[in-house]
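To start, the structure under review is shown below, and the notes come after it.
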Amino acid sequence: MKSRTEVRRQAILDAAAAEFQRNGFERTSMDHVAARAQCSKVTLYSYFESKEQLFYEAIVAAIDREFIDLFGMLKDSTDPVNEALLSFGERFVFLVDSPRVRSLRCLIMSASVHGDSDL
């Protein structure tokens with residue numbers, strides 16, 4: 001069972017991911033994220049020391065969620081190796097080309113190209 005702190009942290013990451021995807025890195029403020037996560041900015045900064053750190057961790061968490069089931073599929077497979085790898089490859093290509101993952105890639109590229117931060 002997740003602790004209250006872990007649940008709050010995940011809620012902030014989810015809110016941040018939604019705000020970053022909606023507004024991009026530059027136009028998303030910590031105020032927006034705090035409002036969406038229904039917490040204060042003090043709480044937000046107690047979990048993440050900067051907008052850059054929050055962005056990085058929100059993107060990593062979103063990508064992890066997308067790929068964790070995919071890799072679990074290899075671990076849990078009882079199929080012959082060639083069938084398991086073919087199935088994995090098909091799902092991998094589908095996932096990498098999915099609208100959500102493409103959106104995350106675009107968000108990462110636009111933040112790193114257009115931002116003044118060290119992203």
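Helix 99-114 versus the longest principal axis of the chain: what is the Cα-based angle in degrees, 0 to 90, to the nearest 10? Here the helix axis deviates by roughly 50 degrees. Here the chain is treated with +1 on each Lys and Arg Cβ and -1 on each Asp and Glu Cβ, and its dipole about the Cα centre works out to around 460 debye.
Extension gain, Glu66-Asn23: 0.36 nm per intervening residue step, less the Cα-Cα distance, totals 13.4 nm.
For the chain, a Kirkwood radius taken over Cα pairs fed into Stokes-Einstein (4 °C, viscosity 1.567 mPa s) yields D = 82 µm²/s.
Contact order, relative form, for the range 1-113: 29 percent (alpha carbon pairs under 8 Å, 6 or more residues apart, mean separation divided by residue count).
Sequence-ordered 3J(HN,Hα) estimates for the range 78-83 from the Karplus curve with 6.51, -1.76 and 1.60 and θ = phi - 60° stand at 10, 6, x, 3, 4, 5 Hz, glycine and proline given as x. Taking every protein chain into account, the accessible area of the chain amounts to 66 square angstrom per residue (probe 1.4 Å). The residue list Ser50, Leu95, Ala35 was ranked by how far each Cα lies along the charge dipole of the chain toward its positive end, using unit charges on Cβ atoms, and Ala35 comes out on top.
The values are calculated or read from the model by the stated rules, or taken from the named source; none is laboratory data. None of these values were measured; they are calculated from a predicted model. As a convention, Cβ positions derive from the backbone with ideal geometry for all residues, glycine included, and neighbour counts pool all protein chains shown. All accessible areas refer to the heavy atoms of the entire protein, side chains included, with ligands and DNA or RNA removed. Shrake-Rupley method; radii C 1.70, N 1.55, O 1.52, S 1.80 Å.
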